[in-house]
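No value in this document is a laboratory result; all are computed from the given coordinates. No experiment lies behind these values; they were computed from the predicted model shown. Positions of Cβ are generated from backbone atoms using ideal geometry, with glycine treated the same way; all protein chains shown enter the neighbour counts.
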Amino acid sequence: MEIYDNYSLKEYNSFGFNVRARRFISVGNEEDILAAAEQAVKSGLKYFILGAGSNILFTSDYDGVIINASCNSVNIVEEKNRNIVVSADAGLTWDSFVEWCVNINLGGVENLSSIPGTVGAAPVQNIGAYGSEIKDVLRAVRAIRLSTGKAELFSANDCRFSYRESIFKNELKGKYFISKVYFNLIKNPDQFNTQYGNLEERVNRIGKKSLHTIRQAVMEIRGEKLPDPAITGNAGSFFKNPVINRQLFKSTHHKNREMPYYETNEDHIKIPAGWLIEECGWKGFRDGDAGVHNKQALVLVNYGNATGIEILNLAERIIESVNQRFGIELKKEVEIV
Ligand code: EPU
C-alpha cells in the first residue's frame, strides 16, 4: 500500500484537470483495500474509489481520501471445450485486457477495444460500444463490502445492468470496492458481432473477419471520431443517449423528420445525443479552453487549461438548449465529483 498526501490527480483524470487529493492511497491487493478503507473511515474524511478517472469530472480539489487499485493480473480460471472463464484484476487497464484476449484468440470483448479506463470501473457503468456491452460477457464481479470487509460475488444478474448503469452506480454506490471481474469468453470464435454502423464494411476492408481485424477496425473508427485523452482532455461521451417515450418521440419526430433513432422496446426510443447537440449548433464550439469536439458532439473537451466548473457550465448550457429545442432532457454520463 502506498500513501501520498496532497497528491496531484492530473494523471488520474482523463480531462487532465490539475486538481489534488488530500490523501491518495494506492492498493495492490484485497487486504490493502480493507486497510485503506479502514484508514479512510477512521480519519473521518470522505473517500472515493477511483479507477483511471476516464469517466470523472473533478470540479475542485478532493478534500478526502482517494483509493486506487494497482493490482493488474489476468488469469484463465476455467476451460470447458471452447468456453473459457477469465479473471482480471480491477487495476488492469481495460484495453490491455482486451488486447490480451484478442492475442490468445478469446472472443467477447473485441468490440470494446480502445475504451479508456480500468477493468474494475468497466462494470460500474456497463461500458458499451459498437453493439456490445460488458454485461453480455460478464460472469461475476468480486467486490469487497467496505463496511464489513467481506468479499462478495455478484452474478451478472445481481449487477442489475442496463444502458450505462449498474447497481454499483446506484443503490450500492461507494459501498463496495470491486477487486476482480470474471468473464465468459469463447476460444477461437466463429461468430462475431459486426452489425453496428459501418463496422462490417470497415472490417472487410482490413481483411478476413477475425478478432484481430475487428479490434483494428474499432480502433480505427474510434481514432477518427474520438479525441485521444493523452492529447486533448476528455471523458468520452459526456451525456447518455436519451431514451424517450413514444408520445414525446412522435411529437418531436414530427417536427424533425431527419432525426435518427433506435427502437429500444415497444414504448421507448433512443435518440443519439450527438445529433441533438449538433443540431443545436454546438459541434466544434469553444469557449476559452472548454469545448465540444468537432467530430463527435457528445464529447466535451479540455483544450488545455479549462476547469471542471467551466466544462460543467458548458454541459448545463447544452442541456438547456437541447431541452428548449427538442423537449428532451440530456443526462450526464460522466460522474461529477
Ligand atoms: N451523431 C451526430 N452528430 C455527432 C455524433 C453523432 O449526428 O456529432 C449521430 C449520427 O446520426 C450517428 C449517431 O449519432 O450515426 C451515432 O453516433 P456514434 O456511432 O458515434 O455513437 P453515439 O451514439 O454517438 C455511442 C456511445 C459511445 C460509443 C459509440 C459507438 C453513448 C453515450 N455513447 O455513441 O460510447 O463509442 O456509441 O458504439 O452511448 C462513451 O461512452 O464514452 C462512448 C464513446
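Quick check for me: using +1 on Lys/Arg Cβ and -1 on Asp/Glu Cβ, what's the dipole size of region 74-225 about its Cα centre, in debye to the nearest 20?
Using Cβ point charges on Lys, Arg, Asp and Glu, region 74-225 gives about 260 debye.
When Rg is the radius of gyration of the Cα atoms in region 2-69 and Rh is its Kirkwood radius, what does Rg/Rh come to? Answer for region 2-69: 0.95. With the charge dipole of region 233-336 set up from +1 on Lys and Arg Cβ and -1 on Asp and Glu Cβ about the Cα centre, the Cα lying farthest toward the positive end among the listed residues His268, Ile318, Ala290 is that of His268.
Projection of the Cα convex hull of region 14-132, averaged over all directions and equal to a quarter of that hull's surface, yields 8.5 nm².
Counting GluC sites (Glu not before Pro) as exposed when in a DSSP loop with at most 10 other beta carbons within 10 Å, what is the longest stretch of the chain free of them? Counting only loop sites that pass the neighbour cut-off, the longest clear stretch is 1-170. Summing Cβ point charges (Lys, Arg +1; Asp, Glu -1) relative to the Cα centre of region 174-330 gives a dipole of roughly 480 debye.
Highest GNM mean-square fluctuation among Lys173, Lys42, Lys209, for the chain modelled with Cα contacts below 10 Å: Lys42.
Of Val141, Val41, Val181, the residue with the greatest mean-square motion in the GNM of the chain, using alpha carbon springs below 10 Å, is Val41.
Once you order the gyration tensor axes a ≥ b ≥ c over the Cα atoms, which shape class does the chain get: rounded for a/c under 1.5, otherwise prolate or oblate by comparing a/b with b/c? Verdict is oblate for the chain.
Once C-alpha pairs closer than 8 Å and six or more residues apart are averaged by separation and normalised to the residue number of region 222-297, the relative contact order reads 26 percent.
With contributions of -39500 (n - 2.57) from each DSSP H run of at least four residues, the per-residue ellipticity at 222 nm computed over the chain stands at -7500 deg cm²/dmol. For region 153-250, the number of Lys pairs with C-alpha atoms closer than 20 Å, counting only pairs eight or more positions apart or on separate chains, is 6. For region 233-336, the fraction of C-alpha pairs farther apart than 20 angstrom is 36 percent.
Each of Trp282, Trp94 has some number of other Cβ atoms within 10 Å of its Cβ, and from fewest to most they run Trp282, Trp94. For the chain, a simple Cβ point-charge model (Lys and Arg +1, Asp and Glu -1, everything else neutral) yields a dipole of about 500 debye relative to the Cα centre. GNM on the chain, alpha-carbon springs under 10 angstrom: the most fluctuating residue among Thr194, Thr264, Thr232 is Thr264.
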